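These notes concern the structure reproduced below.
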Amino acid sequence: MMGICRRYTRTVAEAEDVFQEAFLKIFQNIGSLQNPESVVYWVKSAVVRTAIDYYRQHQHESEQVNYEAILEDWSETPNVYDQLTQEEVLNIINQMPNGYRLVANLYYIDGYTHREIAEMLGIAEGTSKSQLARAREILKQKLKAMGLWAITL
């Protein structure tokens, strides 16, 4: 669950704050869990919602992830992950504006649809799609600047 918190924050300290807040909410609401077999999904959803709330509260401030999933899903960038360290991918993603980073994270890492992302963030579905497209373009430009885009051709 800490990994989820890290994906939605910029620092370990912020992630720890989100993690703590999420688990306080989980313990306060454990009685509302109706299906004990879905506890993992329920906990994950609570952590994601808490992280999104944190994002909303701090989006005016300056702006982490198994980023391999992003790179693997973008068919134009096969084998790029093998050329980058986890930290390099993290740095690229962290340079993106908050909205792009958040939508890419929700879509690629957490597996939400654009409709679900739009509902969670209070944006239009088209906005989710356009922010994801812009995140892809930023990634593409960063990879080109690093001389890694040609590797994928």
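Structural remarks
- Qualifying residue in the range 113-130 (condition: closer than 22 Å to residue 1 by Cα and either at pLDDT below 80 or outside any helix (DSSP H, G or I) (or both)): yes
- The residue that is farthest from the chain's Cα centre (by Cα), counting only those in the range 5-38 that are crowded, with 17+ Cβ neighbours inside 10 Å and hydrophobic (A, V, I, L, M, F, W, C), is 26.
- So residue 47, is it aliphatic (A, V, I, L, M), in the same structural domain as residue 22 (by TED's automatic domain parsing) and at pLDDT 85 or above: yes
- Against the conditions (1) under 21 Å from residue 14 (Cβ atoms); (2) surrounded by fewer than 20 Cβ atoms within 10 Å (Cβ to Cβ); (3) modelled with pLDDT under 80, residue 70 satisfies every one except (2).
The values are calculated or read from the model by the stated rules, or taken from the named source; none is laboratory data. In this text, all values refer to a predicted model and were calculated from it rather than measured experimentally. Note: ideal-geometry Cβ built from the backbone for every residue, glycine included; neighbour counts use all protein chains shown.
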